[in-house]
Amino acid sequence: MRSSATRNLIALFGVLCIGQAAPPPPAELSTIVIPIRTTLAPLLPILEKQVPRSMSKLDAYEFDPQKRYGAKYDVARQPIALNMIGSGIHATLTVKYALEGCKRVVNPINGAYSMWPCVSCGFNEKMREAYIAIDSHLEWDAAWRMRTKTTARPVEFPNRCQVTFANLDITDRAIAPKVNEQLRDVAKTIDANTPKLTNIRPNAQQIWDAFQTPTEIAPRTFLILDPIDVALGPIRGAGLNVTSAIMLRARTRVVLGDRPIVTAKPLPPLRVAAANETSGSIRVPADVDLPYAEASRVLTEQLGKRTYKVGGRDLILDTLALSPAANGKLTIAAAIDYRGGTFRNYRGVVYLEGTPRFRDGMIVIENVDYSIDPKRRNPFLRIGDRIAHDTVKTQIAANSSWPIAGQIAALRNELQRALTRQLAPGVTLRGNVDSFEATELLPLLDSLRIRMLATGSAEVEVTKW
């Protein structure tokens with residue numbers, strides 16, 4: 001059930017007059033933020049599975065291409081550490097290794113060879129270490145996925161084996177290629193799997209479709225959020241958590257009348273958000289019309305059917321009617337009956353003009369004065385009774401107002417509820433109306449248009465990306 005205040009609002013304002021001669025309201029663009037919160041945790045087990053944990057050659061020697069020396073080795077990596085730093089993935093791992101290198105000596109007589117002398121490290125002692133570090137820069141691709149560009153730092157050997165023959169460092173020749181192979185495996189696995197794990201197009205499509213459905217916020221009153229485009233913000237993160245945001249721009253408005261027919265639009269191409277789009281703001285223009293017939297009825301109730309004393313004589317204000325005038329003004333046609341005596345009698349219609357304004361929660365008509373339109377002659381002015389003239393003008397000027405603060409508050413509450421709702425399973429719109437004010441009053445052909453503007457903030461919460 002809707003509140004009585006909301007029903008009164010609908011009764012007061014009537015329905016939105018679509019297709020009238022007045023120019024359409026300026027486009028109001030809202031930016032709705034959809035925070036993206038995901039994790040790189042699923043990437044870790046993939047890395048651990050696809051990057052070999054150990055490599056060894058212990059049963060026989062592995063020779064260099066010229067067969068000048070041979071090496072036996074045992075290489076084992078530690079668990080991979082993965083962290084988001086800023087907009088990139090930082091992966092590190094420690095490799096422990098042992099190495100034995102022997103010179104290959106050939107007997108010139110029989111061609112036999114022996115491995116001597118030999119030098120080793122890491123066997124029967126603490127294994128030596130090598131450090132691998134890679135950096136992957138994260139960015140969005142056109143397919144709504146995060147992609148990485150991975151670069152590797154040089155492998156660090158903080159306490160390398162001093163196994164050297166003929167100025168050849170066997171550590172570089174035997175161990176570095178194995179470590180670099182693991183490094184390439186890490187980089188390749190990150191680049192191949194990050195897009196698979198971070199495809200957000202289904203979420204974006206779900207949100208885009210949900211926004212195109214009109215929402216009834218009161219009887220015959222609909223909130224329209226017409227999405228225009230979407231953009232993805234910069235990627236940031238810490239630890240294994242990754243954050244970004246979708247910025248969805250929409251034209252928002254309130255329509256009174258029958259449910260609007262909306263033609264579904266496809267999800268547009270992705271674009272990169274500008275720096276000034278990262279905060280969510282929502283602007284909902286609401287054009288509502290006060291028919292002149294209704295305004296005339298209210299004005300007559302407040303001011304008409306009354307008798308005023310003017311110098312001991314009766315001045316009756318009977319009915320009042322509003323209609324549009326030139327230059328954004330309104331014409332007030334007041335039917336009066338004044339018996340001032342002899343040549344000061346007048347019974348008929350007098351025309352006044354004033355400018356509609358919105359002030360302190362009320363519609364008021366300011367600067368009320370008699371019309372000077374030659375087509376609307378005012379014979380009442382010819383009777384020369386200034387007190388009677390002033391009485392008519394003063395009473396109309398003092399009473400031409402309509403308090404609508406309560407009804408506006410009711411509509412604001414309805415908007416607030418409409419901006420906090422479930423869009424789809426696991427997708428919730430959370431909005432807040434910070435202000436809701438009249439910005440302009442426009443006299444139309446058969447109604448007074450009250451142009452409202454609600455401003456606030458909005459974001460969409462997705463429980464799972």
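Coordinate-derived values only; no laboratory data. Just so it is clear, the structure is predicted and the values come from calculations on it, not from any experiment. Note that we place each Cβ from the backbone using ideal geometry, even for glycine, and neighbour counts take in every protein chain shown.
Based on Cα contacts under 8 Å between residues 6+ apart, the chain shows a relative contact order of 17 percent.
Counting only lysines at least 8 places from residue 375 when in the same chain, those with an alpha carbon closer than 24 Å to its own are 329, 393. Summarised as an ellipsoid, the range 375-465 has semi-axes of 50, 13, 9 Å, derived from the eigenvalues of the Cα gyration tensor scaled by 5 and square-rooted, with the largest first. Based on the reciprocal of the average 1/r between different C-alpha atoms, the Kirkwood radius for the chain equals 29.3 Å.
Legend: residue pairs 72/196; 49/103; 188/464; 72/149, Cα-Cα distance threshold 32 Å; pairs beyond threshold, 72/196; 49/103; 72/149.
Rounded to the nearest 10 degrees, the angle from helix 4-13 to the longest Cα principal axis of the chain is 70 degrees.
Computed from the Cβ-Cβ distance with R0 of 25 Å, the FRET efficiency linking residue 83 to residue 180 stands at 0.70. Candidates 110, 182, 450 compared by Cα position along the dipole of the chain: farthest toward the positive end lies 450, with charges placed on Cβ. Full extension of the chain between residue 345 and residue 209 gives 42.1 nm of extra length, using 0.36 nm per residue less the Cα-Cα distance. Size descriptors for the range 169-261: radius of gyration and Dmax over Cα atoms are 24.4, 84 Å. Label separation (residue 49 vs residue 307): 9.6 nm, computed from points 7 Å beyond Cα along the C-beta direction.
Past the 19 angstrom mark, what percentage of all C-alpha to C-alpha distances in the range 40-197 do you count?
Of all Cα-Cα distances in the range 40-197, 59 percent exceed 19 Å.
Less than 5 angstrom separates the built amide H of residue 64 from those of 69, all sequence-distant by 5 or more or on a different chain. Look at the dipole of the chain built from charges on Cβ: of 336, 86, 224, the Cα furthest out on the positive end belongs to 336.
Divide the volume of the convex hull around the Cα atoms of the range 92-170 by the residue count and you get 160 Å³ per residue.
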